[in-house]
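The values are calculated or read from the model by the stated rules, or taken from the named source; none is laboratory data. Quantities reported herein were computed from a predicted structural model and do not represent experimental measurements. Methodologically, a virtual Cβ is constructed for each residue, glycine included, from the backbone with ideal geometry; neighbour enumeration extends over all protein chains shown. Quick note on the areas: whole protein, heavy atoms, side chains included, nothing else; ligands and nucleic acids left out. Shrake-Rupley method; radii C 1.70, N 1.55, O 1.52, S 1.80 Å.
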Amino acid sequence: MVNEEIIQQLNIIFRQVFDNNDISVDETTTAADLEDWDSLNHLQLVVAIEKHYHIRFTAAQAQNWSNVGDIVAAIIQKQAVS
Amino acid sequence: MNIPDFNHLKRNLKKVVTGMPTLRMAILADMASQFITQAIKGYAIEYGVNFVVFEADYNQIDRQILDPNSELYEFAPDYVLILRGTERLTKQFYKADAKTTFADAQLGYTENLHQTILSSISHCRVITNTFIELNDAVFGNYAAKVPSSLPFQLKKLNLGLMELAQINKNLFLVDIDALVTHHGYRYTFDSKIYVAADMVFSIDFLPVLAKNICDVILSIHGKFKKCIILDLDNTTWGGIIGDDGMEGIQIGDLGTGKIFSELQLWIKQLKQRGIIVAVCSKNTEEIALEPFKNHPEMVLRLEDIAVFMANWENKADNIRAIQSVLNINMDAIVFIDDNPFERELVKKEIPGITVPDMPEDPAEYLLFLKKLNLFETASYTEGDAQRTQQYQEEAKRTIKMQKFANEDEFLASLNMKSVVASFNSFTIPRVSQLSQRSNQFNLRTVRYTEEELNAMVNSDSYFTYSFTLTDTFGDNGLISFAVLKKINDDILFIENWAMSCRVLKRGMEQFIINCIVADALQNGFSKIQGEYIPTAKNMMVKELYQSLHFISNENFWELDITTPYTGKKFYIKRV
């Protein structure tokens, strides 16, 4: 349930960052699935997620996500800490 | 008006830019510059300008500038932005052996880059940045006493860059150090994206940086603010003059008066720099005037206000009235009002005008306005300071005119004199400024740098004119110039002619043409040729040559001066 809520929020963030309302992500979505998800836009995504959840990822964390599920896990972990 | 976020700027890139004026710009950076480029292009579109950008590959400043066959020179930009990161510079400093001369070496390097660009593209403007004066905590605060410390060398370098920009008219700075001081390095720098992509600016800071770069470029291009219009109650002072009375409004020591005193001090500085200050307030005029005349703690006085509009009419109408007295474009005006309703009304009714969305708390006003960098300029001369007085004189003239039976009688009474001279070292800075500033009375909108004007003085193929105008009300200063190019022994071509709109309807146009005709005849020419190149703003001179009896010949206007020339009567004496 928590995951679903986060994915919903992430979907909104993805749509805003990529300026594309057709985007629909789930835990298995990877950068390869979304045309605009390159290394540059990835950074914008990281910053947008940080802002939304009032958290800060470490430099290493933000580089090691392989799919949306990893992002969800990182958010949950950060929220647990704070 | 506020600063939009980076996503907004990115979305701007999808907008249709056809019809927007285009500027060619090259971006050379020693850091990852993709986001910066997007932000700059997006901000330019926000301003209604299309930047065609050549973005060099990562860290190619030297190669692009020093190789004469590089893509940079092939692209031939009007503006080159050289962006250098303090982070890379710091590493360079740590590796350097000669630390006490590091700043000097960097200044030499910057000047060399600048000169190399100019030697290939002589009209090019080069913009580079100051460095962030962050103490690297190697010597701590003791660094002040150590010439070989990074903090000392950074300060020296920044000061040296300012001096370099003062000497080199085509070199401009975007003061990143000042921006970072304002926002804080913790805000402008995001270590995560620095590590991941070698970007030295946070995503939130990109729009601020892009705005400042656009401000510098567009003000060079002639787009900048000339006037600030102030609301009074709860904007210029605290409280409501009509209710609280002169003793009750907050200014100076009373209540939150400090806020408004400091705001007024700042506006007075703007006025002294040449920004016109006007008032637009919903008030009874006598009541609104009283603090300006009699309140001991008011900083702004009546002599600081070029046009004073206090009545109960719609503010948009009043702003239009102010604009017509000042004769400037709406996009050169900033309107400050604490009331969101009035702001929305003015924004809606007057496209082009800048209306900052003031913070709710007046204590934030001044910092907020400074952050917006509304009054960027690309030139400053001593004469700028007298502008308010000139507009006040203009308002007096407008009133006096109503008392004369006809225009001729009025003009004759003004006792107008004009000093007519070729360009010289005194007039060239003002002529260059006029060529950059005037958009309305500007026949071909050719913008001249001081260097270009200097070159004309020493050339046989140019005849140059500057005109001043004085009258019984005062001195308008240098208000017009004309550049004439010798096409052959018979024909003189008006390469450009611009005039300040302050002196319209005074017979100046006729006077200038008569001067030109008289001199041309003496030098054996038989024909004066002119051209009108339309822009979005110079409609007012579309019919000018026709009204001066020039004859249309395809795209040009021609005046045969072998037959005696008679135009309209004028009342200006040549001195």
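For the reader, a short list of remarks on this structure follows.
- Qualifying strands (runs of 3 or more DSSP E) (wholly inside the range B:269-375; at least 3 residues being open to solvent by less than 30 Å² (accessible area, probe 1.4 Å) and touching a residue at least 24 places away in the same chain (Cβ under 8 Å)): B:276-282, B:333-336
- Among the residues of the range B:290-322, the ones that are under 25 Å from the mean Cα position of the chain (by Cα) and among the polar types (S, T, N, Q) come to 1 in all.
- Filter result for A:S24 (away from chain B (no Cβ under 12 Å), of a type in the set (G, A, S) and over 18 Å from A:A73 (Cβ atoms)): yes
- Looking only at residues of the range A:68-82 that are more than 14 Å from chain B (Cβ to nearest Cβ) and open to solvent by 40 Å² or more (accessible area, probe 1.4 Å), we find that the one that is nearest to the chain's Cα centre (by Cα) is A:D70.
- Boolean, B:G85 is surrounded by 15 or more Cβ atoms within 10 Å (Cβ to Cβ), within 14 Å of chain A (Cβ to nearest Cβ) and in contact (Cβ under 8 Å) with a residue 40 or more places away in the chain: no
- Out of B:K14, B:K10, sole residue that is part of a loop (DSSP other than H, G, I, E, B) and not assigned by TED's automatic domain parsing to the domain that holds B:D331: B:K14
- Checked against the criterion of being among the basic types (K, R) and buried (at least 17 other Cβ atoms within 10 Å of the Cβ), the range A:29-52 has no qualifying residue.
- Any chance B:Y47 is open to solvent by 10 Å² or more (accessible area, probe 1.4 Å), more than 13 Å from chain A (Cβ to nearest Cβ), in contact (Cβ under 8 Å) with a residue 40 or more places away in the chain and under 20 Å from B:K223 (Cα atoms): yes
- Filter result for B:V208 (more than 14 Å from every other protein chain (Cβ to nearest Cβ), touching a His at 6+ places or on another chain (Cβ under 9 Å) and part of a helix (DSSP H, G or I)): yes
- Residue in the range B:519-534 that is acidic (D, E) and at pLDDT 95 or above present: yes
- All positions within the range B:323-378 that are within 12 Å of B:I228 (Cα to Cα), modelled with pLDDT under 95 and more than 20 Å from the chain's Cα centre (by Cα): none
- Here B:K10 passes the criteria (1) closer than 23 Å to A:V17 by Cβ; (2) touching a residue at least 12 places away in the same chain (Cβ under 8 Å); (3) open to solvent by 60 Å² or more (accessible area, probe 1.4 Å) except the one numbered (3).
- Of all the listed residues (B:F368, B:F375), the sole one being of a type in the set (F, W, Y) and more than 30 Å from B:T468 (Cα to Cα) is B:F368.
- Residue match in the range B:129-141 (condition: surrounded by 16 or more Cβ atoms within 10 Å (Cβ to Cβ) and in contact with a strand residue (DSSP E or B) (Cβ under 8 Å, 6 or more places away or on another chain)): yes
- Count - residues of the range B:443-455 that are more than 23 Å from B:K537 (Cα to Cα) and surrounded by 20 or more Cβ atoms within 10 Å (Cβ to Cβ): 1
- Residue within the range B:112-127 that is open to solvent by 30 Å² or more (accessible area, probe 1.4 Å), over 30 Å from B:G184 (Cβ atoms) and either aromatic (F, W, Y) or within 14 Å of another protein chain (Cβ to nearest Cβ) (or both) present: no
- Looking across the range B:154-212, the residues that are farther than 20 Å from B:D78 by Cα and of a type in the set (G, A, S) come down to B:G160, B:A178, B:G184, B:S191, B:A196, B:A197, B:S202.
- Of all residues in the range A:28-67 being among the aromatic types (F, W, Y) and under 21 Å from B:V195 (Cα atoms), the one that is nearest to the other protein chains (Cβ to nearest Cβ): A:F57
- Condition check for B:D198 on (1) more than 14 Å from chain A (Cβ to nearest Cβ); (2) on the phi > 0 side of the Ramachandran plot: one failure, at (1).
- Pairs where the first residue, in the range B:448-474, is farther than 22 Å from B:N523 by Cβ and the second is assigned to a strand (DSSP E or B) and open to solvent by 50 Å² or more (accessible area, probe 1.4 Å), C-beta under 7 Å, 6+ apart: B:T470/B:K417
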